[in-house]
Amino acid sequence: YIDAETMKIHHDKHHKAYMTKLNGITDKVDAIKSPTIQNLETALRDIKNIQDDSVKKTLRNNGGGCKFLETSILRFYHRSLT
């Protein structure tokens, strides 16, 4: 069981930090200039083609590091708001 306060903290702090960092590199990665989940997945799949190690690290750590949370817990959280 995950209570509403835990989900609010996760969303308001952690998820926001992931998104802020990802937004900071959207102009440096062609695949995510138009930020969608599909484009993010493409960028992560093709990460080896990114030359800038800093951009690569940011993409990997903030775009792919929260996959479990993105696909399960956050869905639950957003459903609980309705």
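The values are calculated or read from the model by the stated rules, or taken from the named source; none is laboratory data. Everything quoted here is computed from the prediction, not taken from an experiment. Ideal geometry is used to build each Cβ from the backbone, glycine not excepted, and the neighbour counts take in all protein chains shown.
For the reader, a short list of remarks on this structure follows.
- Scan of segment 1-16 for residues that are within 15 Å of GLY64 (Cβ to Cβ) and surrounded by fewer than 16 Cβ atoms within 10 Å (Cβ to Cβ), ordered by number: HIS14
- If you go through segment 38-82 and pick out every residue that is at pLDDT 75 or above and part of a helix (DSSP H, G or I), you end up with 22.
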